[in-house]
Amino acid sequence: MMSKKVCVVGAGVSGLISARELRREGHDVTVMEQGGGVGGQWLYDPRTDSGDPLGAAGVHSGIYASLRLNSPREAMGFSDYPFYPRNGGDARRFPVHGEFLRYIRDFCAAFGLMDAVRLNTRVVHVGVVPGAGDDGCLRWLVRCRRRDEVTEEVFDAVVVAVGHFAQPRIPTITGMDKWSRRQLHSHSYRVPDSFQGEVVVVVGCHESGKEIALELRQVAKEVHISVKSMADVTPGVSKTLTKHHNLYLHLQIDSLFEDGRVVFADGSCIVADAIVYCTGYDDSFPFLDTGGLVTVDDNRVGPLFEHIFPPALAPSLSFVGMPTMVVLPRFYEVQARWVAQVLSGKRTLPPVEEMLRCVEEYYRAKEMAGLSKRQTHHILFDLEYMDEFGKKYCDFPKLDEWKKELFRRTVNNVRDNHESFRDDYNDNDLILEGLRSEGWLPRVPQEDDGGVPKQHPLVPL
């Protein structure tokens, strides 16, 4: 088994699980993290991008204060480290963001990963070292900045575990540059207090748009949600709109005017005090120099074989954490395990030509399904695909059937009851038995065990 010197960029969820899997395969791992702690986006920062509210002026995390998870904790932990509640924490199925950060930190401590992490270390350049090594393999120069010190180090391989939420995506709207009132991206939103009594437009109706609009309507005079298409409006959103008198729905904004007017595509017009753009992010890897072998085109990062390996640079360069709409963090664990095993020689990749052909076939399949480039890495919660992926590439165990059922019911509940799904749900017998089997619920008393409940092993009693 070969041992490689590997640099992991980022100490968020995907970076830490990459470090754990790489170490298990015997690799020498260094994790570069620009922040002052592990957790990536989950490391909440109450500061905002006040100097550039439509950009990312130095504040890494875009999490807002009240954010709660939208995946059930019972099914979203690492395969061998469940997301059990801890004493003094938020024990709800869908806890606040700080509970997940605590879980990430506990995971990092449990597997002794902190000694591999270099905090406050920003990666400013990753590029191929000219000329192959003695073994004919690529080497990578990694240049980092820590405060005023710049260092360079050569690695056998680099795992990129960042890039999703660094660059806010801002739409182009006629008159946007002249609109004199407050505009910000959701990356700069933290709390609703400053919107008291205002008329606010929320652009976008995906998760952040819905959540922020619901929070703002508690303090704002009016909240107007702008959507590209009425097809984006789920039954749960429709239900919410009928429930709250100060919540309104419009088609996308057509134009903005200096006096505060906002004109929508359907011709309706309001005068607003603020606009919050919940329009997502553009994937960005400003530090990565591949000579054009890896590009980003409307969030299609590629070509990447199975969303991980750029064929011309594999296996020495890989990406962990690109897929969205997957079971997190479990699917990133699957990816990381495969990467670690390929680097150690336990697994092999297909020839470059075959990997490229697979990528092109995947692109064509997406296009035939009517999906855009921006949706290239959307897995759409295809649980069977994730199981097959894990089995095929690293013999990863399948997700338990009760957890699949829990995910499916959650997805449906989010769609139909967005405002209440986190606190109002019904588990069927399959889920209840699964919860009992792993200690989330006390077991039903049996004659042969005296009804002694099984305790999950990681919760202090």
Yes or no: the range 70-92 includes at least one residue that is part of a helix (DSSP H, G or I) and either hydroxyl-bearing (S, T, Y) or within 21 Å of V191 (Cβ to Cβ) (or both). no
For the range 136-202, give me every one of the strands (runs of 3 or more DSSP E) that falls completely inside it and has 2 or more residues that are among the aliphatic types (A, V, I, L, M). 140-146, 149-155, 157-160
Examine the range 12-31 for a residue that is part of a loop (DSSP other than H, G, I, E, B) and either closer than 12 Å to C108 by Cβ or at pLDDT below 95 (or both), and state whether such a residue exists. yes
Among the residues of the range 332-355, write down those that are free of Cβ contacts under 8 Å to residues at least 60 places away in the same chain and aliphatic (A, V, I, L, M). V342, L349, V352, M355
Tell me, please, whether a residue that is surrounded by fewer than 17 Cβ atoms within 10 Å (Cβ to Cβ) and in contact (Cβ under 8 Å) with a residue 12 or more places away in the chain can be found in the range 155-165. no
Restricting attention to the range 172-219, and to residues there that are touching a helix residue (DSSP H, G or I) at 6+ places or on another chain (Cβ under 6 Å) and among the polar types (S, T, N, Q), which single residue is nearest to R47 (Cα to Cα)? S186
Do we find that L406 is under 19 Å from G77 (Cα atoms) and touching a residue at least 12 places away in the same chain (Cβ under 8 Å) in this structure? yes
Check on G260, surrounded by fewer than 21 Cβ atoms within 10 Å (Cβ to Cβ) and of a type in the set (G, A, S): yes
Flagged pairs (Cβ under 9 angstrom, 6 or more apart or on separate chains; first in the range 356-372, closer than 15 Å to H307 by Cα; second of a type in the set (D, E)) are C358/E306; V359/E306; Y362/E306
Condition first: part of a strand (DSSP E or B), open to solvent by 60 Å² or more (accessible area, probe 1.4 Å) and closer than 16 Å to G35 by Cβ. Can you find one or more residues in the range 98-114 that meet it? no
Please specify each residue of the range 411-461 satisfying the condition of being open to solvent by 50 Å² or more (accessible area, probe 1.4 Å), at pLDDT 95 or above, over 19 Å from N70 (Cβ atoms) and not hydrophobic (A, V, I, L, M, F, W, C). D429, E433, R436, S437
Of the conditions (1) over 30 Å from L54 (Cβ atoms); (2) charged (D, E, K, R); (3) out of contact with any strand residue (DSSP E or B) (no Cβ under 8 Å at 6 or more places or on another chain), D148 clears all except one; give me its number. (1)
Which of the strands (runs of 3 or more DSSP E) contained wholly in the range 288-384 include at least 2 residues that are open to solvent by 20 Å² or more (accessible area, probe 1.4 Å) and touching a Gly at 6+ places or on another chain (Cβ under 9 Å)? 295-297
Filter the range 397-410 down to the residues that are buried (at least 17 other Cβ atoms within 10 Å of the Cβ) and under 21 Å from the mean Cα position of the chain (by Cα) and list them by number. L399, K403, K404, L406, F407, R409, T410
Give all pairs with beta carbons closer than 6 Å in which a residue from the range 288-301 that is closer than 16 Å to M355 by Cβ and among the polar types (S, T, N, Q) meets a residue that is modelled with pLDDT of 95 or more and part of a strand (DSSP E or B); count only pairs at least 6 apart in sequence or on separate chains. none
Could you please find all residues in the range 175-222 being touching a Cys at 6+ places or on another chain (Cβ under 9 Å), surrounded by fewer than 16 Cβ atoms within 10 Å (Cβ to Cβ) and over 21 Å from V96 (Cα atoms)? none
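The values are calculated or read from the model by the stated rules, or taken from the named source; none is laboratory data. Since this is a predicted model, take the numbers as computed values, not measurements. Please note: Cβ atoms are built from the backbone with ideal geometry, for glycine as well, and neighbour counts cover all protein chains shown. Quick note on the areas: whole protein, heavy atoms, side chains included, nothing else; ligands and nucleic acids left out. Shrake-Rupley method; radii C 1.70, N 1.55, O 1.52, S 1.80 Å.
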